[in-house]
Amino acid sequence: MPTTPTMRAIATRQSGDADVLQATEMARPTPGAGQVLIQVAAAGVNRPDVLQRMGLYRPPEDASPLLGLEVAGTIVDGDLSGTDWQLGDTVCALVHGGGYAEYCVAEADQCLPVPKGWTLEQAASLPETCFTVWSNVFERGRLSAGESLLVQGGSSGIGTTAIQIATALGHPVFATAGTAEKCQACVDLGAQRAINYREEDFADVIRELSDGRGVDVILDMVGGDYMERQIKSLADDGRLVLIGLLGGSKAEVPLAQILMRRLTVTGSTLRPRKKAYKAKLAADLLKHVWPLMEDGRFTPQIHARFALSDAADAHRMMESGSHIGKLVLVTESGR
């Protein structure tokens, strides 16, 4: 149990550019029923954090006012009844905000063990991306044995995770990225082909690579004017899963193609989902994905580490799009 009632955290008192992120002293959160208190060693930085800071993404009413959707650290307090956790266990967790701090509350059943041989910094890069990829590619997208996957934004945290998991499970994977370096990173992680979207039309390349058939599932965080080309890139009975709108929220969609070729266009956001659903995802990840980490078929892709007090610099890098993989904030206890 922590001996002091306060902690250091990164607060945003107003929406704006990265400079609104300021280190502050505030009350340490108290875990409730079914929750644990984690002394945070490291926290992942994700696109929704940036959008929330800018005022473009409203968090759920019951979420922490602090940014941060994933952490790794040590359980120091909480309700451990009915769980296998003990005080002192090191875990990573999907959290409902609050990660940019020295202490964070997490649902006990949304915690996962730190993979064997991994550091807490590496483990902090896992929850948000792994929960998102599993729920959208393998549940909503129903990627099945022998089917192929196209990952838009393959060099992002979500993208590098999707490429590795799908490849490790035996699926042909293709990806898009915006530079030669990022394309090479996607190939190094297992993509059979990475398409530089600044130089090539990904729809034409996918049709050529698949002998005109297309891919079975597309994981898309772009939307906008990508939609028509993505429909063209799908095989008959294919599924397009939308998880972001970096290219805009409006698009022309060839509805006749959806009808004639039995296509599915769907999408989701993870944060508003019920606790029970997230707990199920955690159990699925422990069963299906964590073994891939234990035997080296999934490796952490951390582009840069920042001190917690330098969260603004991490956000600037996220906005620049120069990173490959994940950005991580490290607290004093994590150093």
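The values are calculated or read from the model by the stated rules, or taken from the named source; none is laboratory data. Everything numeric in this text was worked out from a predicted model, so none of it was measured. All Cβ positions, glycine included, derive from the backbone under ideal geometry; neighbour counts span all protein chains shown. With ligands, DNA and RNA removed, areas are computed over all heavy atoms of the protein, side chains included. Shrake-Rupley method; radii C 1.70, N 1.55, O 1.52, S 1.80 Å.
Some values worked out for this structure:
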item: Hits in the range 175-194 (condition: over 18 Å from residue 323 (Cβ atoms) and open to solvent by 50 Å² or more (accessible area, probe 1.4 Å)); result: 192, 193
item: Complete set of residues in the range 13-41 that are open to solvent by less than 20 Å² (accessible area, probe 1.4 Å), assigned to a strand (DSSP E or B) and either over 30 Å from residue 80 (Cα atoms) or charged (D, E, K, R) (or both); result: 21
item: Number of the condition not met by residue 34 [criteria: (1) under 26 Å from residue 273 (Cβ atoms); (2) at pLDDT below 95]; result: (2)
item: Within the range 231-335, strands (runs of 3 or more DSSP E) holding 2 or more residues that are more than 24 Å from residue 147 (Cβ to Cβ) and open to solvent by 50 Å² or more (accessible area, probe 1.4 Å); result: 302-307
item: Within the range 137-166, considering residues that are aliphatic (A, V, I, L, M) and over 11 Å from residue 239 (Cα atoms), the one most open to solvent (accessible area, probe 1.4 Å); result: 145
item: Residue match in the range 185-196 (condition: over 26 Å from the mean Cα position of the chain (by Cα), of a type outside the set (D, E, K, R) and closer than 30 Å to residue 299 by Cα); result: no
item: Residue that is modelled with the lowest pLDDT [pool: residues in the range 3-17 that are within 14 Å of residue 66 (Cα to Cα) and within 24 Å of the chain's Cα centre (by Cα)]; result: 12
item: Neighbours by Cβ (under 7 Å, 6+ apart or cross-chain): first from the range 160-183, in contact (Cβ under 8 Å) with a residue 40 or more places away in the chain; second open to solvent by 10 Å² or more (accessible area, probe 1.4 Å) and in a helix (DSSP H, G or I); result: 174/209
item: Residue that is surrounded by the most Cβ atoms within 10 Å (Cβ to Cβ), among those in the range 207-226 that are more than 20 Å from the chain's Cα centre (by Cα) and of a type in the set (A, V, I, L, M); result: 215
item: Residue within the range 195-206 that is assigned to a helix (DSSP H, G or I) and open to solvent by 50 Å² or more (accessible area, probe 1.4 Å) present; result: yes
item: Pairs where the first residue, in the range 293-308, is under 14 Å from residue 42 (Cβ atoms) and the second is assigned to a strand (DSSP E or B) and open to solvent by 20 Å² or more (accessible area, probe 1.4 Å), C-beta under 9 Å, 6+ apart; result: 308/8; 308/23
item: Candidates 159, 170, 212 - the one that is at pLDDT 95 or above, part of a loop (DSSP other than H, G, I, E, B), under 25 Å from residue 291 (Cα atoms) and not aliphatic (A, V, I, L, M); result: 170
item: Some residue of the range 267-285 being farther than 30 Å from residue 84 by Cα and under 18 Å from the mean Cα position of the chain (by Cα); result: yes
item: Strands (runs of 3 or more DSSP E) enclosed by the range 45-136 - at least 1 residues per element that are among the hydroxyl-bearing types (Ser, Thr, Tyr) and surrounded by 24 or more Cβ atoms within 10 Å (Cβ to Cβ); result: 103-107
item: Some residue of the range 71-88 being without any contact (Cβ under 8 Å) to a residue 40 or more places away in the chain, in contact with a strand residue (DSSP E or B) (Cβ under 7 Å, 6 or more places away or on another chain) and on the phi > 0 side of the Ramachandran plot; result: yes
